[in-house]
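**Student:** Just dropping this structure here.
The values are calculated or read from the model by the stated rules, or taken from the named source; none is laboratory data. Quantities reported herein were computed from a predicted structural model and do not represent experimental measurements. Here Cβ is always computed from backbone atoms with ideal geometry, including for glycine, and neighbour counts include all displayed protein chains. Note: accessible area is taken over every heavy atom of the protein model, side chains too, but ligands, DNA and RNA are not part of it. Shrake-Rupley method; radii C 1.70, N 1.55, O 1.52, S 1.80 Å.
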Amino acid sequence: MGRLKIGITCYPTYGGSGVVGTELGKHLAARGHQVHFITYDVPFRLAGYRENIFFHEVEVPTYPLFLYPPYLLALANKLAEVARYEGLDVLHAHYAIPHAASAYLAREMLGGGRPRVLTTLHGTDITLVGSQPSFADIVAFSINRSDGVTAVSEALRRQTLETFAVEKDIHVIYNFVDPDEFRRRPDQALLNRFAPGGERVLIHVSNFRPTKRVDRVVEIFARVARRVPAVLLMVGDGPDLGLARRLGHEHGLAERLFFLGKQDQVVPLLSIADVLLLPSAHESFGLVALEAMACEVPVVASRLGGLPELVADGQCGYLVPQDDLEAMAERAVALLQDADLRRSMGRAGRQRAVEHFNAERVVAQYEDLYRSLVDA
Ligand code: GMT
């Protein structure tokens, strides 16, 4: 079969699921498929004109009756419209809530079981959010009515089966990275800007939601900073940003903490980093850890969720029980004090990223799955 027409719906703002959906679309388009993004805003990593990529904006009318604008319906309507007029083969919903339900509705509106609906589960759509009683039944329903389902790690696949009565096979397709884009490109001027005295550089990148435990990031850094001259780059924004700032002040670390806000380009920052801290309370995969590994940054992270499938413990970083802040600090210090260890773990991380989580390899898995759904 030749080129496919694929509709992708995802969250267009910051967040791993939106990044995966967008990067997947870009790679598919580069392979000659026609890709239609259908969402409420242009995905943030989709800048500029690209051959084979189209964007369809979902508008949700306001009305005084609508305390909650019905996005699910407006999205379903738009998905059906685009699928009908563009002749889509597949609707790929990234993050079950509400995208999988909207895609299901769109397919039913059109009749005939086309386009095929593929749902990719990303994590909190199953764990923190999807398992809540307000959503659980519709999440299970949407999964069971999808034509295909993927999860971003074996851990998430297992958790989905434990949480919901799922009748579908769930394929594990990991997050991926483009190793040409994500590679270490050290910039001495940038390093001097943050670490003028030759301090070691730690980095944390997230959406600063409670599950990212930015309080732990600062607590770990406080322990590290007592032993090693170091600075911490905090990249991203979200509800717990203020908490992190306050803790930094309380520890007398304001001068050594840099809050950089949301950044489209993280490669320059990862390229001057010595260690990535990711002490999350949930992490179905941990895309940022993969991006760090591709940039030769050793990872110190919680041993939970999908992280053990990504970070080979003791080879490309360290996995530590999530509440053991002292152990995380010790691991970070060990790396910061030993340039050879850092270099060898960094290289091992890059090698692992290239071998197992390379965009070429993973996008081909999605492509094969699309083809099997279309042919069924
Ligand atoms: O981390 C977040 O809260 C954002 C969330 C999302 O859906 O945007 O990320 C989830 O999906 C990413 C891409 O598949 C995964 O790499 C993250 O591990 C996952 N986050 C959690 O499970 C908390």
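**Student:** Under 27 Å Cα to Cα from Lys78, which lysines show up? Leave out anything in the same chain fewer than 8 places away.
**Tutor:** Reachable lysines: Lys5, Lys26, Lys168.
**Student:** Taking square-rooted eigenvalues a ≥ b ≥ c of the alpha carbon gyration tensor, is region 81-156 rounded, prolate or oblate, where a/c under 1.5 means rounded and, failing that, a/b exceeding b/c means prolate? Please list the in-between numbers first.
**Tutor:** On the way: a/c = 2.55, a/b = 1.82, b/c = 1.41.
Because a/c hits 1.5 or more and a/b exceeds b/c, region 81-156 counts as prolate.
**Student:** How do the peptides 20-29, 61-70, 329-338 rank, highest first, by the average count of neighbouring beta carbon atoms within 10 Å per residue?
**Tutor:** Values: 20-29: 23.4, 61-70: 8.4, 329-338: 20.0.
The packing order, highest mean first, is 20-29, 329-338, 61-70.
**Student:** List the aspartates and glutamates whose alpha-carbon lies under 13 Å from that of Lys212, not counting same-chain residues fewer than 8 positions away?
**Tutor:** Asp237, Asp240, Glu283, Asp323
**Student:** May I pose another question? Wrap a convex hull around the Cα atoms of region 188-356, take a quarter of its surface area, and give that in square nanometres. Can you show the working numbers first?
**Tutor:** Details: hull surface 34.0 nm².
If I average the Cα hull's projected area over directions, I get 8.5 nm².
**Student:** What Kirkwood radius, in Å to one decimal, follows from the Cα pairs of the chain? Let's see the in-between values first.
**Tutor:** On the way: mean 1/r = 0.0467 Å⁻¹.
Evaluated on the chain, it is 21.4 Å.
**Student:** Pairs of alpha-carbon atoms within less than 8 angstrom and 6+ residues apart define the contacts here; what relative contact order does region 229-353 have, in percent? If you can, show how the numbers build up before the last one.
**Tutor:** Working: 179 pairs, mean separation 27.5, N = 125.
Computed value for region 229-353: 22 percent relative contact order.
**Student:** Another question, then. Long-range amide H contacts for Val172: which residues qualify at under 5 Å (H placed 1.01 Å from N, peptide plane, sequence gap of 5 or more or a different chain)?
**Tutor:** It is Ala151, by chain and number.
**Student:** Could you give the dipole magnitude of region 188-356 about its Cα centre, charging the beta-carbon of Lys and Arg +1 and that of Asp and Glu -1, in debye to the nearest 20? Each step should come with its number before you reach the end.
**Tutor:** On the way: 20 positive and 21 negative charges, 54 e Å.
Dipole size: approximately 260 debye.
**Student:** Follow-up. Of Tyr104, Tyr40, which has the most accessible area and how do the rest follow, probe 1.4 Å?
**Tutor:** On the way: Tyr104 45, Tyr40 80 Å².
Result, largest first: Tyr40, Tyr104.
**Student:** For the chain, what % of the accessible area comes from carbon and sulfur atoms, probe 1.4 Å?
**Tutor:** The C+S portion of the solvent-accessible surface of the chain is 48 percent.
**Student:** Moving to a separate point now. Please compute the contact order of the chain in relative form: average sequence separation of alpha-carbon pairs under 8 Å and at least six residues apart, divided by the residue count, as a percent.
**Tutor:** Working: 731 pairs, mean separation 51.3, N = 376.
Across the chain, relative contact order equals 14 percent.
**Student:** A further question on this structure: Do the sum for the chain: with -39,500 (n - 2.57) for every DSSP H run of n ≥ 4, divided by all residues, what is the mean residue ellipticity at 222 nm, to the nearest 500 deg cm²/dmol? Walk me through the numbers before you get to the answer.
**Tutor:** Values: 14 runs with 163 residues, N = 376.
-13500 deg cm²/dmol, from helical runs alone.
**Student:** On average, how much accessible surface per residue is there in region 188-356, in Å², for a 1.4 Å probe, leaving out ligands, DNA and RNA?
**Tutor:** On the way: 6560 Å² over 169 residues.
Result: 39 Å² per residue.
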